[in-house]
Each structure stands twice: as structure tokens, then as C-alpha cells.
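Please read the structure below before turning to the comments.
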Amino acid sequence: MNHTFDTVDYKTAEAEFFLRAMADAGMDMFAFQCYLSAYLSASRSTTLALQQFKHLPGFNQWYQPHQESLRNDPVAKYLHGLRNDHVHGGPYPIRGGRFSRGQASYFFDEQLGIPALEELDIVSICRHHFVTLLEIVLDCYIVLGVHIDPQQHYTKEHFAVL
């Protein structure tokens, strides 16, 4: 199968779509749970889509530090574990919510072990994770752009290097 970097862009946009949907779900806990499940899968699919480009020159050297960073990031590690557990039949990881004046905030049923994030709701934690993913995708455009982005590939400067 021939992959283009559009797949990474679409998976990133999909994760953003479900993150926005979670934020807009309000007091509909069922909808929120569905969007959380979809966000967990889409965010994981973003990194899997990136890994489809391991054949590119310099990819492994570029991706290895990002992969290690994700492994060491408590939020990424927690969400990855939730996704794996949930996809394989685990329960929704929501403890409950806080509802006030038409607004809803939902909370994970476990503590993350990250003092700065302990009081944050699920949307805020997922937003933090999404920014991390965006930083990785952006860095890919910067470092490997001539291999994945036609606007960087088809330039006088790139052809001069060749």
C-alpha cells in the first residue's frame, strides 16, 4: 500500500475532531465516553501513521527520541494504556463528572501520578497530550519535510542538494 503523509494529517485531524467533540459533549456522558474512546484510538493512530514512514532516510534517527519521549511521558503512557485496555474490552475509565450551569467536566477514575495534572479534567489532559502529538508531527515536517511534503521537495534548494 502506498502511503502519503496525508494519512498522518487526517489521523491528527481525526484526533482533534474527537477532542473537540468531547469538549462539546456537555452533560451527555454516553456521547462523552464514545468521543473519548475515539480520541484514544485516533491519537494512537497518529503515531502509527507516522511509523509508516520508517523507510525514509533519517526517519529512525529522528523518531527514536520522540518515541522514547512518549514512553517516558506520564500522560502519553497513561492514555496509551487506557486505549489498549479499552480496545480490548476494558471499561470506560471515567470516575464521574462535575456538572454546573450547563457545563460538564469529566474525570479519570485513576490518579495520573502527575501533581500538576491531578485536578485537571479529561478534556484538559487529552488536550495536553494532543499538543504533544502536534509537536511531533510539526517536527517531522521540519526535519523530514523534503521527503514528505511536496512543497518542500519540489524546490530549487532541495534539487540543488540532490
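The values are calculated or read from the model by the stated rules, or taken from the named source; none is laboratory data. Being a predicted model, the structure only gives us computed values, none of them experimental. Neighbour counts run over all protein chains shown; Cβ positions are idealised from the backbone, glycine included. Just the protein is used for accessible areas: all its heavy atoms, side chains included, with ligands, DNA and RNA removed. Shrake-Rupley method; radii C 1.70, N 1.55, O 1.52, S 1.80 Å.
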Would you point out the residue of region 16-32, among those that are modelled with pLDDT of 95 or more and in contact with a Phe, Trp or Tyr (Cβ under 6 Å, 6 or more places away or on another chain), that is nearest to Glu135 (Cα to Cα)?
-> Leu19
Looking at (1) of a type outside the set (D, E, K, R); (2) in a helix (DSSP H, G or I); (3) modelled with pLDDT of 75 or more; (4) open to solvent by 50 Å² or more (accessible area, probe 1.4 Å), find the lone condition where Ala160 falls short.
-> (3)
Any idea which of (1) touching a residue at least 24 places away in the same chain (Cβ under 8 Å); (2) in contact with a Phe, Trp or Tyr (Cβ under 7 Å, 6 or more places away or on another chain) is the one Tyr35 doesn't satisfy?
-> (1)
Filter pass, Val137 being open to solvent by less than 50 Å² (accessible area, probe 1.4 Å), modelled with pLDDT of 85 or more and within 22 Å of Asn72 (Cα to Cα) = yes
Would you point out the residue of region 124-134, among those that are modelled with pLDDT of 95 or more and hydrophobic (A, V, I, L, M, F, W, C), that is surrounded by the fewest Cβ atoms within 10 Å (Cβ to Cβ)?
-> Val131
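Is it the case, given these coordinates, that Arg44 is under 11 Å from the mean Cα position of the chain (by Cα) and among the charged types (D, E, K, R)?
yes
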Do we find a residue being farther than 17 Å from Glu135 by Cα and touching a Phe, Trp or Tyr at 6+ places or on another chain (Cβ under 6 Å) anywhere in region 77-91?
-> no
